[in-house]
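Notes follow once the structure below has been shown.
The values are calculated or read from the model by the stated rules, or taken from the named source; none is laboratory data. None of these values were measured; they are calculated from a predicted model. A quick note on method: Cβ atoms are made from the backbone with ideal geometry, for glycine too, and the neighbour counts reach across all protein chains shown.
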Amino acid sequence: MAEEAGGGGEGGTGTAGETTAAATGGEESDLGFYNRKLHNFPLIRYSDMNEEMRLEAMELCVTACEKHASSNEGAAKMIKETMDKKFGATWHAVVGMGFGFEIAYDCKNLLYLFFGGNTAICLWKCA
């Protein structure tokens, strides 16, 4: 069964996934704006995966983003190829900042998270 999901991966403009500086521990500057402190852990925005798959996918996303810090394409390719091998074919991955998405996906096969502050990762499987 397929479902549709939409969202965005933008940091700092009030879109999906943004948190207030008070919640993230930001400090107020002289201009009254909050300086964001980047986090180095995955922040799951939405997932309908089972616990075991979600943990493996999260670890894979973190590893890929750390290994390919200067190449979102390299990270997405690594995530997609590894998920295809572990959980069967037709996985898709988007890694980046400032994107929106509208997808159809197989139920229990979607993960949308943020890593390193404003890098979003959307991972899903569709037949």
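Here are a few things to note about the model shown:
- Being among the basic types (K, R), closer than 21 Å to K125 by Cβ and at pLDDT 95 or above is a description that applies to K77.
- For the stretch 47-70, a residue qualifies if it is loosely packed, with under 13 Cβ neighbours inside 10 Å and of a type in the set (S, T, Y), and exactly one does: S70.
- Restricting A64, A89 to residues that are assigned to a loop (DSSP other than H, G, I, E, B) and either modelled with pLDDT of 95 or more or over 15 Å from the mean Cα position of the chain (by Cα) (or both) narrows the list to A89.
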